[in-house]
Each structure stands twice: as structure tokens, then as C-alpha cells.
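Trainee: There's a structure below that I have some questions on.
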Amino acid sequence: MIEVPTKMFNRELSWIEFNARVLDEALRPEVPILERLRFLTIVSSNFDEFFMVRVASLKEQCLRAPESCDSTGLSAREQLDRLSSRVHELVDVQFRCLREEILPGLEREGLVYVSPSKFTPSQLRYLDAYFMSEVFPLLTPLRTNGEKAFPSIGNLRLHAAFLLRSSISMPTGPLAEFLETAGILSAPAALEGEGSKPPLAVVQIPASIPRVVWLPDEGGKRWFTLLDDVVRSFGQRLFPGFTIEESLLFKVARDADRAVDEERDDDFIAAIQEVLASRQSSVPVRLLCTGESPTILETLKESMGLGEEDVYHVPGPIDLPTLIELANVEGFDRLRNPPWRSFWPVDLPSDAPLWDELKRTDVLLHVPYQSYEPVLRFLNDAADDPSVLAVKMTLYRTSGDSPIIRALERAARQGKHVTVFVELKARFDEERNISWVHRLEKAGIIVVYGIARLKVHAKVLLVVRRETEGIRRYVHLSTGNYNDRTARFYVDMSLFTTNEEIANDATVFFNMISGYSAIMNTKRLVMAPIDMKPRLLAMIEREIDRSTPESPGRIMAKMNSLADEEIIAALYRASAAGVKVLLNVRGVCMLVPGVGGLSENITVVSVIDRFLEHTRVFCFENSGANEVWLSSADWMSRNLDRRVELMFPILQESIRRTVRDVLQLYFTDNVKSHYLQRDGSWLRRERVDGERSVRIQEVLYETERKRTELFEKEPQREFNVRRN
């Protein structure tokens, strides 16, 4: 067992700093303004999920084991305190950017947000009619009656709270007593709430109505307000006989860290659905609000058991993820990044089935620079080709109206043997995946949807085809999900191959995850949690053993997160042995670089740009006999120890060289890269005088564009062969 180091960054704090880097893109004036808004919404979405899962887990740990510490020596309470302090800082920066830069900048460009205090008389008339016809019928004001809980407040649902005061003059004397006894009129105390407290009402903002409310165009500009502004402005209509004294908009994040009952065999889907239902009423962990009402805020805090550190009071507008509609508004393309199209790979035929080309050579697909269409074509060809006998694949996350699902259904209806492993425990995609299970089963597809205590995160597609020479298997392996929508902005690599050893391993893999097959050895594919971590550790050790001062070893790796302590310890040992370690880590990185005697030979870079970096690539120098691997797994304990993952080798030399060259380029970026410092801060790399600008995503896009243009200008010639 490798000794675990004590010199590491805290995982949660490292994740927060990743969001600081995302936020930094929103602060960059050279980034188009609607793209800056998009980065702000990403930060908010990330924080929502972070509080529901990671912060909820830490709060539970505070109650269950308050004295326990993580590997960096921090207790759960200390982590929560540090997280709260840093997230408050970032949220302040985020909303200051929104209010002082983004909204004024949009206004200058003719896209104008109108707050309630600035509604013109004509806008008020328009919104009054809109409220009564479109909004009022959907609203249900709930009186709290001073209760200590708000069970109707759903997770991440936007709400408006109103502090009310009666505007009815109460009769006195014998008439009042008679009316009250008859039940015609409530007593004054009842109208005002329990005791002397004024009543408090809560209204959920309907999620079925678009958040952005467009106002009539005027003066060549587009004007908009928000649905919550409309509800607050016309909320008086909900409370006849009362006046609104104060109001507050708020959103609550609740604990979503509850795991499904892995021992339940009777109805696993029902167990998942119970977990989903529990998220709407689980323990609150964060309150985000805007408005001036100390009374309402204090009531909410008390009723939800939240402390001051759990409250994020911002100038608004809150619930930024729903403003993505604004970032996608038509007619303002000049405020977005210039479009980058995805190119069909020049290595593949664009108007014929892929079988012949894939028999001849392996093919690398690099999205979104290259189109995701070859994957869809591959699956559609499999569905329609009468020579195809079987299709097997894994699904972790896929799109809402997935063409992949449609192809699988068609394949099954045309008599193919189709098996799909749908991972129901993919967090926050459980409901969608359950719907896919029902739909696939209805089409006659064999669906497997659970391995106890493990998530199947591997991305693999196997097509079995009968050909003249016999049965041939075609395999597609990927670093990213089978999701045609995210493939437009997630950077991933995948491999098409007919390599017999890989095909055998893929067959064995599906047998292991779909039936009662014992764990079997594979020749080329490396599987977690069986042997991926031991193989990675062995390759790092091999690099150490073969490294010399004259010819130092070299490890290059790209991933989303680095948090496995054994892997980190091995990398420290490699650095101490003189191995050069170059790491491209988008998100969490617990490894500390640049420490003398520990990690002085380790460099960690992170790239944040218009596409989300999602590829997992691992390169080992191996004394000149380079090994290049792609994988579905990050170097995290959850991936290596608690998930079913695949790591697959690049065996074809031309592709291996391409992947290695691409990875090397990431360490030359001087426009969108940040370098991790030994104190945990990230330093954006700036160009020095005379240095050529290198923006890796732009370089990769331009390379693919020029390659395509050259091919279209001078396509490969074919010999005209005469046959009888």
C-alpha cells in the first residue's frame, strides 16, 4: 500500500476555486457579454448542486462525527466555515458583475432589463393584463400561520414571501361579537396572525411560465422584466383585505445526498423515485434571497433551521440558471462568440455506411471540433443494416429527445438483439433515465439498470455484424456521455475500432455488467473498480523505475478532477524521482505542485473557455515506447473504487501521435489557462512581450477547419477499377 501524503488541498475548497475560475471568465471584458452572462449562470448552477450534495454531506457529518477530520486535517465544521466564507465572497463578486457590468452592458446594446421601480405607465398596463390572464390563475398563496416549517417549499423552486397587514376596519361591540360567533368575520387577532405577529404568505413562482417576460418593443430596443418582478409588483391582487408591508424573493437548496436503498430488490425504480420525492422536502442547506425584509428573513431562517452562514442575501435577480433563456435570445448574435461549426471527420465517408472504413482503420473522433454525427450514423446504420445482429451499449446521461434512443428502438423493432445498461443512479438525471427504461422496455429492448453499490459510468457501444468472413464486432469507446446535445460544447474523444482483442474485452464487459458472469480478465480494456487503479499505479511506478537524469520519465494527463490520495502519493514519488509530470485538470485538484522535495517536477494547468473540457487522456513516456490511454474515469476515489469505468488504449500509431500532440498543446495555452500555485491559488497565465497568442480551443478548431477545407478542395482520388 502506498503511503498517503499529508500535503494536499481540501477537495471542497478546490472545487470552489474551480468556480472562481469560471467566474473569472464572466469578469473578462473581452468575452462577449452574453457569454459572460452564461458563465454567471454556470456558477450558480454549480453552486446549487454543490450545496445539495457536498455541503449537505458535510452538515450530516457535523452531526454524526463532529470530531472526525479529512485527509487535510480539517473537520466538517471547519470546512463548512471556510466554504461559506469563500462562497459568500464569490457570490458578492458574481452579483456585482451582473448588476454593474452585465445588465448595463446589455442595455447599451439594446437589450434592456426593466426593474419594477422603472416600469412606465404603458408597461404597467401591459403587465397588469399579463398578470391577470397568464399568472394569477396559477398562483397559490399559502398562509404560514406562524408555523415552524414550510413543507410546501420545494427544492430550488423560486418563491415570493409577503408580510401582510389587514386593511379592514373591524367593527366593535356587540355587532363584532355576533359576527364572530356566526363565523362571518374573523377576530382581529386572527387576521393579523397568531399573537401579535402580522401574517406571512408564501407564493411559489410558476416554473411552467418562462422566467423572462418580454415587454412591447420600444425605440428600437427589446425590453424585458422577470416573472418574479411581475408577481411582486401585482401580488396585492392575491390578498384582498390586506396590504403588503414587505416582500422577499427566495430559493432554498435542500439535501440531495440521500442514497437509494441498495438492498431493495423488489422494485429498484420505486426506490429511486422515493429518493427523488424526498429531495423536495429534505433538510434545507442554503437560502438565497433578495429584497429588504428582516422580519421575513428571520422567520425563514428559524423555520428552516439555517444559520447566518447559510443565508446568501443578494441584490438580485436571483435564480440565475433560469436566465439562460436570455443568453440564447435571438437577434443578438453579435453579443455571443462567433459560431464554430463542427466538421465531419475527413477520415470517414459522409454518404455511405461506416463499416468498410472501420474495418480498415481505427478512427478517432474529437468533439465538438468534429461532428458527433458519426456516432449517430454508426448507431443508425446498425439499426437499419440487415447484417447487424446485435447492439449493446451503456447510457449514463443522454439528451431529452435523444436520437440515440430512437435508433435503439428502431433496431429492436427490426429484429436486432438490443441490450442497454441505463444507470438509474446518475444524480439529477434519475427521472429522465427512468423514463428511458420504460420506453426502451416497451420497444422490446433488454434493459439492465442497476449494480448494487456501484454506478456504471463507462461509455461503450458494441455492434455485432454478420459478414462474408463471419461475425465481426465494431466497438465505440468514449470519454464522454452518449448525449448529442452536450457533444456540441463538451470536449471529448472517442474511438471506433474493430480490434479483435478490444472487441472480445467489450463482449466480456457487457457479460459482467448485465448478468451473473464472474469477474473475468480483459486483455486490452482496463476496468474500474477491478484493476484500473492498480494499473495506473503500476504505470507510474514503471515511469519512476525507468527515469534517469539523462532521460527523465514523463507523464502527461488530462482529466476533470484529481482527488485520489494513492494516485497523488504516487505522483509525488514520481516527481521526487525526477519524472516530469504535466497535469491538465479542469476542476478539483487536491495535489499540491511546486513543493521542493515533493512535487517540484509537477505542473498543473486548467483551461476554462467556451467549451467544457471533459476529455480524460493519460500518456506515459515508457522510455520512448509511449502508451496513450483514453478513459471514462477521472483520478478520483469514487471513479476508481466505486464506479464501473473503462480505460482503453490507443493502439494505432497515427492516432496515438495525434492524441499525444493535442495533449501537449494544452500546456502552451497563454490565453485561457490558469496555473495552480503551491498555496492553492490559481494564476492566469498572461502572454509576455513578443509571445505568440495560443488559445488551445481556437487552435484545435482552426486546425480542423483548415483540414476540412483542404480535403474539400482536393479530395482523395480513387482509382477507377474495372470488374466483371
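The values are calculated or read from the model by the stated rules, or taken from the named source; none is laboratory data. Everything numeric in this text was worked out from a predicted model, so none of it was measured. No Cβ is skipped: glycine too gets one built from the backbone with ideal geometry, and neighbour counts run over all protein chains shown.
Trainee: What number of residues within the range 300-323 are hydroxyl-bearing (Ser, Thr, Tyr) and within 24 Å of the chain's Cα centre (by Cα)?
Mentor: Here the count works out to 2.
Trainee: Taking ARG406, is it surrounded by fewer than 17 Cβ atoms within 10 Å (Cβ to Cβ) and under 16 Å from TYR482 (Cβ atoms)?
Mentor: yes
Trainee: Answer yes if at least one residue in the range 519-529 is of a type in the set (A, V, I, L, M, F, W, C), farther than 25 Å from CYS619 by Cβ, touching a Lys or Arg at 6+ places or on another chain (Cβ under 7 Å) and touching a residue at least 40 places away in the same chain (Cβ under 8 Å), and no otherwise.
Mentor: Looking for residues that are of a type in the set (A, V, I, L, M, F, W, C), farther than 25 Å from CYS619 by Cβ, touching a Lys or Arg at 6+ places or on another chain (Cβ under 7 Å) and touching a residue at least 40 places away in the same chain (Cβ under 8 Å), one finds none in the range 519-529, hence no.
Trainee: Looking at the range 352-374, I want the residues that are without any contact (Cβ under 8 Å) to a residue 60 or more places away in the chain and have a partner that is aromatic (Phe, Trp, Tyr) with Cβ atoms under 6 Å, at least 6 apart or on another chain. Which pairs are those?
Mentor: Listed by first residue and then by second, the contacts come to SER371/TRP344.
Trainee: To continue, here is another question. Does LEU300 satisfy the condition of being buried (at least 21 other Cβ atoms within 10 Å of the Cβ), in contact with a strand residue (DSSP E or B) (Cβ under 7 Å, 6 or more places away or on another chain), assigned to a helix (DSSP H, G or I) and not assigned by TED's automatic domain parsing to the domain that holds GLU430?
Mentor: Values: buried (at least 21 other Cβ atoms within 10 Å of the Cβ): yes; in contact with a strand residue (DSSP E or B) (Cβ under 7 Å, 6 or more places away or on another chain): yes; assigned to a helix (DSSP H, G or I): yes; not assigned by TED's automatic domain parsing to the domain that holds GLU430: yes.
Yes; evaluated as a whole, the condition is true for this residue.
Trainee: Restricting attention to the range 429-462, and to residues there that are in contact (Cβ under 8 Å) with a residue 60 or more places away in the chain and acidic (Asp, Glu), which single residue is nearest to THR615 (Cα to Cα)?
Mentor: GLU430
Trainee: Which one of the conditions (1) in contact with a helix residue (DSSP H, G or I) (Cβ under 9 Å, 6 or more places away or on another chain); (2) surrounded by fewer than 22 Cβ atoms within 10 Å (Cβ to Cβ) does THR658 fail to meet, given that it meets all the rest?
Mentor: (1)
Trainee: Assess whether LEU63 counts as being surrounded by 15 or more Cβ atoms within 10 Å (Cβ to Cβ), over 30 Å from TRP214 (Cα atoms) and not charged (D, E, K, R).
Mentor: Taking the combined requirement at face value, the residue does not satisfy it.
Trainee: Could you check the range 621-642 and list, in sequence order, the residues that are closer than 20 Å to ALA569 by Cα and acidic (Asp, Glu)? First the steps, then the outcome.
Mentor: The first filter runs over the range 621-642 and keeps only residues closer than 20 Å to ALA569 by Cα, leaving 621-622, 633-642.
Scanning the range 621-642 gives GLU621, ASP634, ASP641.
Trainee: Which one of the conditions (1) part of a loop (DSSP other than H, G, I, E, B); (2) among the hydrophobic types (A, V, I, L, M, F, W, C); (3) out of contact with any helix residue (DSSP H, G or I) (no Cβ under 6 Å at 6 or more places or on another chain) does MET520 fail to meet, given that it meets all the rest?
Mentor: (3)
Trainee: Please return the ranges of strands (runs of 3 or more DSSP E) entirely within the range 556-621 where 1 or more residues are over 20 Å from SER681 (Cα atoms) and outside the structural domain of ARG38 (by TED's automatic domain parsing). Give the derivation first.
Mentor: Details: elements: 580-585, 602-607, 617-620.
The qualifying strands (runs of 3 or more DSSP E) are 580-585, 617-620.
Trainee: Here's another thing I want to ask about it. Residue pairs, Cβ under 7 Å, 6 or more apart or interchain, first in the range 635-647 and farther than 14 Å from PHE618 by Cα and not assigned by TED's automatic domain parsing to the domain that holds PHE510, second polar (S, T, N, Q) and crowded, with 23+ Cβ neighbours inside 10 Å. List them.
Mentor: Short answer, once both residue conditions are applied: GLU645/SER631; GLU645/SER632; GLU645/ASN639.
Trainee: Just wondering, is there one or more residues in the range 708-718 that are of a type in the set (D, E, K, R), surrounded by 10 or more Cβ atoms within 10 Å (Cβ to Cβ) and modelled with pLDDT of 95 or more?
Mentor: No.
Trainee: Starting from residues that are of a type in the set (Lys, Arg) and either in contact with a Pro (Cβ under 9 Å, 6 or more places away or on another chain) or surrounded by fewer than 21 Cβ atoms within 10 Å (Cβ to Cβ) (or both), keep the ones in the range 534-581 and report whichever is farthest from GLY594 (Cα to Cα).
Mentor: So, considering only residues that are of a type in the set (Lys, Arg) and either in contact with a Pro (Cβ under 9 Å, 6 or more places away or on another chain) or surrounded by fewer than 21 Cβ atoms within 10 Å (Cβ to Cβ) (or both), the one farthest from GLY594 (Cα to Cα) is ARG535.
Trainee: So which residues in the range 370-403 are closer than 20 Å to ALA458 by Cβ, more than 23 Å from the chain's Cα centre (by Cα) and surrounded by fewer than 21 Cβ atoms within 10 Å (Cβ to Cβ), if there are any at all?
Mentor: ALA390
Trainee: (1) surrounded by 23 or more Cβ atoms within 10 Å (Cβ to Cβ); (2) at pLDDT below 95: which one isn't true of TYR516, the others all being true?
Mentor: (1)
Trainee: One residue is enough: does the range 34-41 have a residue meeting the conditions surrounded by fewer than 16 Cβ atoms within 10 Å (Cβ to Cβ), of a type in the set (D, E, K, R) and either part of a helix (DSSP H, G or I) or touching a Pro at 6+ places or on another chain (Cβ under 9 Å) (or both)?
Mentor: No, the range 34-41 contains no residue that is surrounded by fewer than 16 Cβ atoms within 10 Å (Cβ to Cβ), of a type in the set (D, E, K, R) and either part of a helix (DSSP H, G or I) or touching a Pro at 6+ places or on another chain (Cβ under 9 Å) (or both).
Trainee: While we're here: With over 19 Å from LEU364 (Cβ atoms) and either aliphatic (A, V, I, L, M) or outside the structural domain of ARG586 (by TED's automatic domain parsing) (or both) as the only criterion, which of MET539, MET493 stands out?
Mentor: Selected residue: MET539, the only one of MET539, MET493 that is over 19 Å from LEU364 (Cβ atoms) and either aliphatic (A, V, I, L, M) or outside the structural domain of ARG586 (by TED's automatic domain parsing) (or both).
Trainee: Can you find a residue that is within 28 Å of ILE519 (Cα to Cα), part of a loop (DSSP other than H, G, I, E, B) and either hydroxyl-bearing (Ser, Thr, Tyr) or in contact with a strand residue (DSSP E or B) (Cβ under 9 Å, 6 or more places away or on another chain) (or both) anywhere in the range 429-443?
Mentor: No, the range 429-443 contains no residue that is within 28 Å of ILE519 (Cα to Cα), part of a loop (DSSP other than H, G, I, E, B) and either hydroxyl-bearing (Ser, Thr, Tyr) or in contact with a strand residue (DSSP E or B) (Cβ under 9 Å, 6 or more places away or on another chain) (or both).
Trainee: I want to confirm something. Restricting to the range 338-386 and keeping residues that are part of a loop (DSSP other than H, G, I, E, B) and among the β-branched types (Val, Ile, Thr), which single residue is farthest from GLU35 (Cα to Cα)?
Mentor: THR361
Trainee: Here's a follow-up. Where residues in the range 66-91 are free of Cβ contacts under 8 Å to residues at least 24 places away in the same chain and in contact with a strand residue (DSSP E or B) (Cβ under 9 Å, 6 or more places away or on another chain), which of them is surrounded by the most Cβ atoms within 10 Å (Cβ to Cβ)?
Mentor: Among residues in the range 66-91 that are free of Cβ contacts under 8 Å to residues at least 24 places away in the same chain and in contact with a strand residue (DSSP E or B) (Cβ under 9 Å, 6 or more places away or on another chain), the one surrounded by the most Cβ atoms within 10 Å (Cβ to Cβ) is ALA76.
Trainee: Next question, about the same structure. Return the residue satisfying two criteria in turn: it lies in the range 107-134 and is touching a helix residue (DSSP H, G or I) at 6+ places or on another chain (Cβ under 6 Å) and crowded, with 18+ Cβ neighbours inside 10 Å, and of such residues it is farthest from PHE224 (Cα to Cα).
Mentor: PHE131
Trainee: Select from the range 453-501 the residues that are surrounded by fewer than 19 Cβ atoms within 10 Å (Cβ to Cβ) and among the aliphatic types (A, V, I, L, M) and list them in ascending order.
Mentor: Result: LEU454, ILE471.
Trainee: Taking the residues in the range 622-636 that are in contact with a Lys or Arg (Cβ under 9 Å, 6 or more places away or on another chain) and assigned to a helix (DSSP H, G or I) as candidates, determine which candidate is nearest to PRO552 (Cα to Cα).
Mentor: Among residues in the range 622-636 that are in contact with a Lys or Arg (Cβ under 9 Å, 6 or more places away or on another chain) and assigned to a helix (DSSP H, G or I), the one nearest to PRO552 (Cα to Cα) is SER623.
Trainee: If you check every pair at least six apart or on different chains, which have Cβ atoms under 7 Å apart with a residue in the range 97-108 that is under 15 Å from ALA327 (Cα atoms) first and a residue that is exposed (fewer than 14 other Cβ atoms within 10 Å of the Cβ) second?
Mentor: Between residues of the range 97-108 that are under 15 Å from ALA327 (Cα atoms) and residues that are exposed (fewer than 14 other Cβ atoms within 10 Å of the Cβ), there is no close pair.
Trainee: I need a count of the residues in the range 110-124 that are more than 12 Å from SER233 (Cα to Cα) and either under 30 Å from the mean Cα position of the chain (by Cα) or without any contact (Cβ under 8 Å) to a residue 12 or more places away in the chain (or both).
Mentor: Total meeting the criteria: 5.
Trainee: Hey, another quick one. Considering only the range 503-513, I want to know if a residue exists there that is among the charged types (D, E, K, R), surrounded by fewer than 16 Cβ atoms within 10 Å (Cβ to Cβ), without any contact (Cβ under 8 Å) to a residue 60 or more places away in the chain and part of a helix (DSSP H, G or I).
Mentor: So in the range 503-513, the residues among the charged types (D, E, K, R) come out as 505.
Pick out the ones that are also surrounded by fewer than 16 Cβ atoms within 10 Å (Cβ to Cβ) and you get none.
No, every residue in the range 503-513 fails to be among the charged types (D, E, K, R), surrounded by fewer than 16 Cβ atoms within 10 Å (Cβ to Cβ), without any contact (Cβ under 8 Å) to a residue 60 or more places away in the chain and part of a helix (DSSP H, G or I).
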